[in-house]
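This report concerns only the one structure given below.
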Amino acid sequence: MPNPYYSRTDTTKLNVSDAEWKKVLPEDVYYIARNKGTERPFTGKYNDFEGLGTYYCAACGNALFKSDSKFASGCGWPSFFETIRKNSVEYHTDKSHGMIRTEVLCGRCGAHLGHVFDDGPPPTHKRFCMNSIVLDFEGDKQGR
Ligand code: FE
């Protein structure tokens, strides 16, 4: 079934049930986005990737990161030091697995994307540690 909620231009917040997401998302995207799963480190397609362009939420198409905020963190997941817009993502305190972490969710659809840590590079010193599976990359039009 095609995903009717996917749009790269509509920024209206979505309120879609898990059952509905299960129908329209590929199984691996559903597992990360809605069940808050984590892809195995060093396995994601964007971990070692240096393409120039934009990363979108794989569940809803919301623009999340530009490639110029991506950096080689060595942590095993694609890492960024800032989002495209302040409200591209939302934050939630995650106390699972005996840790206190800040969960990062898509600001449009609420998909779980990963976590953010305070050990990133300047100027923000943030490390948005993301799952490749919930990111959609599109390269810039003119190959620079
Ligand atoms: Fe989304």
Region 42-61, residues that are part of a loop (DSSP other than H, G, I, E, B) and within 11 Å of the ligand (Cβ to nearest atom): Ala58, Ala59, Cys60, Gly61
Determine which member of the set Glu90, Glu103 is touching a residue at least 24 places away in the same chain (Cβ under 8 Å) and acidic (Asp, Glu). Glu103
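So that you can scan it fast, the table gives a plain yes or no per residue for (1) more than 14 Å from the ligand (Cβ to nearest atom); (2) over 11 Å from the mean Cα position of the chain (by Cα):
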{"position": "Lys86", "(1), (2)": "yes, yes"}
{"position": "His97", "(1), (2)": "yes, yes"}
{"position": "Arg101", "(1), (2)": "yes, yes"}
{"position": "Ala111", "(1), (2)": "no, no"}
{"position": "Phe117", "(1), (2)": "yes, yes"}
{"position": "Gly120", "(1), (2)": "yes, yes"}
{"position": "Cys129", "(1), (2)": "yes, no"}
{"position": "Ile133", "(1), (2)": "no, no"}
{"position": "Asp140", "(1), (2)": "yes, yes"}
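Throughout, read-outs are computed from the coordinates displayed, never taken from laboratory work. Computed from a prediction, not measured in an experiment: that's the story for all the values here. Reconstructed Cβ throughout: ideal geometry from the backbone, glycine too, with neighbour counts over all protein chains shown.
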